[in-house]
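**Q** For reference, the structure I am asking about is given below.
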Amino acid sequence: MKRTLIRGLLNVLPMALSLWLFWSLFASLDELGNLILSLVGLHKWFTGAGFVLVVLLVFIAGLLFSVSPIAWLWSWIERQLMRFPLFKSVYGSIRDIASLMNRDPSKPKHQQTVLVKQANGGFVVGFIMTETAPQPLMDALPEGDWVPVLFQLSYQMAGITSLVKRSDLIFVDWSFEEAMRFNLTAGISTSAEESATKKD
């Protein structure tokens, strides 16, 4: 009885939470779109009209940013706002995260999965996110080929960035997406995939 309930929970809960998350996102965007429609004197046409409007506005924005004058103007506005330290920190972080989601598959990936040996003989999975550290850090470090390595924390979007000598890294032929999923779920996702493969 208990095992049956747990099995049902483990199978239903991820699906239910995922559907709830997407429905919440849809409802929020739909509400935003309906607010925009009400500002121009239009009433709600049908459920989802606001969502369609928001998607359409984002699509139009994407088209506008392909035009050089608009892209230049936006870049100029960004530069002015980035003069404010707090805005620069928040906006810069969000923009960098968004850029990770918008990688061009045709371009080489800079994120490299690596292993870093610990003092106790164990290894930590990390990611080289960029090949070079900022110059102020390079000037402060001892001489050597140092690279920033991200150590992702399980079940969190947070992580720790450490500067490690390239010679101390073990490069792993493992995709960034799969390794990141492994780190975020503390290896549970890999175990689940292996169990599913064995059943098949």
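The values are calculated or read from the model by the stated rules, or taken from the named source; none is laboratory data. Computed from a prediction, not measured in an experiment: that's the story for all the values here. Positions of Cβ are backbone-derived with ideal geometry, glycine not excepted, and every protein chain shown enters the neighbour counts. Just so you know, the surface numbers come from the protein's heavy atoms only, side chains and all, with ligands and any DNA or RNA stripped out. Shrake-Rupley method; radii C 1.70, N 1.55, O 1.52, S 1.80 Å.
**Q** Please give the FRET efficiency for V67 paired with S89, using the beta carbon to beta carbon distance and R0 = 30 Å, rounded to the nearest 0.05. Intermediate values should be presented prior to the final figure.
**A** On the way: r = 30 Å, r/R0 = 0.98.
Step by step, r from the Cβ atoms, then E = 0.50.
**Q** Just order 2-9, 121-128 by mean Cβ neighbour count inside 10 Å, highest at the front, would you?
**A** Details: 2-9: 8.9, 121-128: 15.9.
The peptides rank, most packed first, as 121-128, 2-9.
**Q** Find the accessible area per residue for the chain; the probe is 1.4 Å, ligands and nucleic acids are left out, and the unit is Å².
**A** On the way: 15350 Å² over 200 residues.
Per residue, the chain has an accessible area of 77 Å².
**Q** Using the Karplus curve 6.51 cos²θ - 1.76 cosθ + 1.60 with θ = phi - 60°, work out ³J(HN,Hα) for each residue of segment 149-156 in order, rounded to whole Hz, and write x for Gly and Pro.
**A** 10, 8, 10, 6, 8, 5, 6, 8
**Q** To continue, here is another question. Find the all-direction average of the projected area of the Cα convex hull for the chain, expressing the result in square nanometres with one decimal place.
**A** Working: hull surface 77.4 nm².
Projected area, direction-averaged: 19.3 nm².
**Q** What distance in nm separates the two pseudo spin-label positions at T4 and A27, each 7 Å out from Cα along the beta-carbon direction?
**A** Each label point is offset 7 Å from its Cα along the Cβ direction, giving 3.2 nm.
**Q** Moving to a separate point now. Once amide H atoms are placed 1.01 Å from N in the peptide plane, what residues at a sequence separation of 5 or more from V164, or on another chain, have their amide H within under 5 Å of its amide H?
**A** Answer set, sorted by chain and number: V147, V149.
**Q** Would you compute, from DSSP H runs of 4+ residues alone, the mean residue ellipticity of the chain at 222 nm, taking -39500 (n - 2.57) per run and dividing by the full residue count, rounded to the nearest 500? Could you put the intermediate results ahead of the total?
**A** Details: 7 runs with 112 residues, N = 200.
After summing the helix terms and dividing by the residues of the chain, the value is -18500 deg cm²/dmol.
**Q** Kirkwood-based Rg over Rh for segment 3-60 (C-alpha set), two decimals? Mind showing how you got there, number by number?
**A** Numbers: Rg = 16.7 Å, Rh = 13.1 Å.
Ratio of gyration radius to Kirkwood radius: 1.28.
**Q** For segment 1-99, just list the percent of Cα-Cα distances falling in each 10 Å bin from zero outward, please.
**A** Computed distribution, short to long bins: 13, 22, 29, 22, 10, 4, 0.
**Q** Take the solvent-accessible surface of the protein heavy atoms, probe 1.4 Å, and return the percent of it on the chain that carbon and sulfur atoms account for. List each step's numbers first, then the result.
**A** Details: 10420 of 15350 Å².
Carbon and sulfur atoms account for 68 percent of the accessible area of the chain.
**Q** Can I ask one more? Among the GluC sites (Glu not before Pro) within segment 123-192, which fall in a DSSP loop and have no more than 15 other Cβ atoms within 10 Å of their own Cβ? Please report the intermediate quantities before stating the final value.
**A** Details: sites: E131, E143, E177, E178; in loops: E131, E143.
Here the GluC sites (Glu not before Pro) that fit, given the DSSP loop and packing criteria, are E131, E143.
**Q** Another question, then. Hey, in the GNM for the chain with a 10 angstrom Cα cutoff, which one of L184, L150, L29 fluctuates hardest?
**A** Maximum among the listed residues: L29.
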